[in-house]
Amino acid sequence: MEEAATTIVDKLLGLKLFPIGDLWQDREVRFDCSKRELNLRPGETLLELIDEVEDTKGNNGVAGELLITNLRLLWCSKKRKGSNISVGYGCFTSIATKSSSSRLKGDTESLHILVRHHEHRFEFVFTSLNNTTFQVYSGVSRVYAAYDKTRMYRDLKLRGALLTDGELNSLPFEQTYSKVNGVWNLCSDEGNLGSFFVSNVRVVWYSNLSPNFNMSLPYIQVQHVKVRNSKFGPALVLESSQSSGAYVLGFKVDPKETLDYVYKEIMSLWKAYNQQPFLGIDSETLAKAGSEALAAQHILSQEEDVEILDAESRGDLVAAYFADANKGMDREPVYCGHLGLAVEQLKEGNTVEQLWSVL
C-alpha cells in the first residue's frame, strides 16, 4: 500500500521519500512548506487523498487537495503549489463539523480542527467541494484515532505502564528478541539495577526494585547508539532525538561480552528499522478505528466550544489561522479587586466573575 500511495503523491505533487531525520511531521504546524518539508518521510504513508477541498479559513475561494497521511494533514493549493499547510496530529486538540461560509460552496458544513503548537492556537477549516463533510470528517477522525492509540511507536515514554508481572506489554506487531538482566541505569551517581527488553520497534528498561521507574525508547527517536567509557567503565549510550528531548541515556551491562552482544543487537535492529520504519498505523489498525470514528471526537479535549475570533490584519501568513488572533503575546498585568491579586488583563467584554463562574 505504501508504494502505491507514494506513486500517487509523486504523480500529483511530485513528493518523494527523503533520508530519515528528526521526526517533526506529527508534532508541528508549518505553513508554505518547501518541497522537502512536504516530502513523505520514511514510514509516512499516504492513506487518503481528497480532491477539491477549500482551505476556508486562510484561502477562502481557493480549491486544493487534502492529503491524509499517518502522521499529518497536508493541504496544497491547486492555484499555487507554494501555498500549503502541514498539520501534525500531535498538535490536534479538537475535530468537529461546523457551519461556515465558503466562497466556492456558500453556507455549508465544514471540517473544523483546533490545534495547539507551542504557545499558539490555530483553527483550520476545510470544506469539501465534492464529497460530503461527514466523509472528510470520518476519514480524518479515523486516522487520528489510530494515531492516538499508537503513540508508543513514536514517543519516548518515561515511567509508563509498560509491564505486567515482569513481562513487557507488547504492542501490536511487536516482537521481543531479548531480555537482558543486570543492566544498570546510570542516570544517578549510584545507578539503578534493572533489565532490558529489546524488540523490533523499541528498547525498554525498567528498575528491578521499582518497575514503574522505566523508559520506552522507540527506534524512530534514537539519534545515536554508542559504547563510551564512563566512571563505571564501558557503558552503552542511547541518544534520543531533539524532538524527544535530546536525552543521553547510559547503561552499564556486565560482563563485557554481554555488553558487546546487546550493543550489536540494538545497533542492528535500529539500522534495520530505519530502512523501513513502522509507525504503528496499518490497515488493520484503521479498520478498528473506523468502527470508533464517531467516538474519536470524545478522545479530544472539548475546545470546539471556544469562541473563535476573526484575526486582525497583521500582514503575515499565519494570522488568518490564529484561534485567538490578539494573543500573540501576554497582556499587561492589572490589579483585580475580585481576586485580590494581579492578573493578566482580560479581553474586552470578559470579566473575572464570568470566568470564575465556569468553574
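The values are calculated or read from the model by the stated rules, or taken from the named source; none is laboratory data. All figures in this text were calculated on a predicted structure; none of them were measured in a lab. Cβ coordinates were reconstructed from backbone atoms using ideal geometry, including for glycine residues, and neighbour counts include every protein chain displayed.
Of all residues in the stretch 131-178, those satisfying the criterion of being in contact (Cβ under 8 Å) with a residue 60 or more places away in the chain and part of a loop (DSSP other than H, G, I, E, B) are Asn131, Thr150, Arg154, Asp155, Leu156, Leu171, Pro172, Phe173.
For the stretch 209-217, state whether one or more residues are part of a helix (DSSP H, G or I) and among the hydroxyl-bearing types (Ser, Thr, Tyr). Steps first, answer last, please.
We begin by selecting, within the stretch 209-217, every residue part of a helix (DSSP H, G or I); these are none.
No, every residue in the stretch 209-217 fails to be part of a helix (DSSP H, G or I) and among the hydroxyl-bearing types (Ser, Thr, Tyr).
Restricting attention to the stretch 72-103, the residues that are out of contact with any strand residue (DSSP E or B) (no Cβ under 8 Å at 6 or more places or on another chain), in contact (Cβ under 8 Å) with a residue 60 or more places away in the chain and of a type in the set (Gly, Ala, Ser) add up to 1.
Residues that are within 14 Å of Ile220 (Cβ to Cβ) and either modelled with pLDDT of 95 or more or surrounded by 16 or more Cβ atoms within 10 Å (Cβ to Cβ) (or both) within the stretch 17-44 comprise Leu23, Trp24, Gln25, Asp26, Arg27, Arg41, Pro42, Gly43, Glu44, listed in sequence order. Considering each residue of the stretch 237-245 in turn, none proves to be over 26 Å from Gln25 (Cα atoms), buried (at least 20 other Cβ atoms within 10 Å of the Cβ), within 23 Å of the chain's Cα centre (by Cα) and of a type outside the set (Lys, Arg).
When you check Glu174 against the structure, is it among the acidic types (Asp, Glu) and either surrounded by 17 or more Cβ atoms within 10 Å (Cβ to Cβ) or not assigned by TED's automatic domain parsing to the domain that holds Trp270 (or both), yes or no? Don't jump to the end; show me each part of the working.
Working: among the acidic types (Asp, Glu): yes; either surrounded by 17 or more Cβ atoms within 10 Å (Cβ to Cβ) or not assigned by TED's automatic domain parsing to the domain that holds Trp270 (or both): yes.
Yes.
Listed by position, the strands (runs of 3 or more DSSP E) enclosed by the stretch 240-359 that each have at least 2 residues that are modelled with pLDDT of 65 or more and more than 28 Å from Phe213 (Cβ to Cβ) are 333-336, 341-344.
Within the stretch 52-75, the set of residues being over 17 Å from Arg103 (Cα atoms) and assigned to a strand (DSSP E or B) comprises Leu66, Leu67, Ile68, Thr69, Arg72, Leu73, Leu74, Trp75. When every residue of the stretch 153-163 is checked against the conditions, none turns out to be under 30 Å from Lys78 (Cβ atoms), under 20 Å from the mean Cα position of the chain (by Cα) and surrounded by 15 or more Cβ atoms within 10 Å (Cβ to Cβ). Exactly one residue out of Ser268, Ser216, Ser195, Ser207 is of a type in the set (Ser, Thr, Tyr), surrounded by 21 or more Cβ atoms within 10 Å (Cβ to Cβ) and under 21 Å from Thr176 (Cβ atoms), and it is Ser216. Taken over the stretch 252-265, the criterion of being in contact (Cβ under 8 Å) with a residue 40 or more places away in the chain and surrounded by fewer than 16 Cβ atoms within 10 Å (Cβ to Cβ) is satisfied by Asp254, Thr258.
Would you pick out the residues in the stretch 25-57 that are within 26 Å of Lys271 (Cα to Cα), in contact with a helix residue (DSSP H, G or I) (Cβ under 8 Å, 6 or more places away or on another chain) and not hydroxyl-bearing (Ser, Thr, Tyr)? If the condition is that a residue be within 26 Å of Lys271 (Cα to Cα), in contact with a helix residue (DSSP H, G or I) (Cβ under 8 Å, 6 or more places away or on another chain) and not hydroxyl-bearing (Ser, Thr, Tyr), then Asp26, Arg27, Glu28, Leu38, Leu40, Pro42, Gly43, Leu46, Leu47 are the ones that fit.
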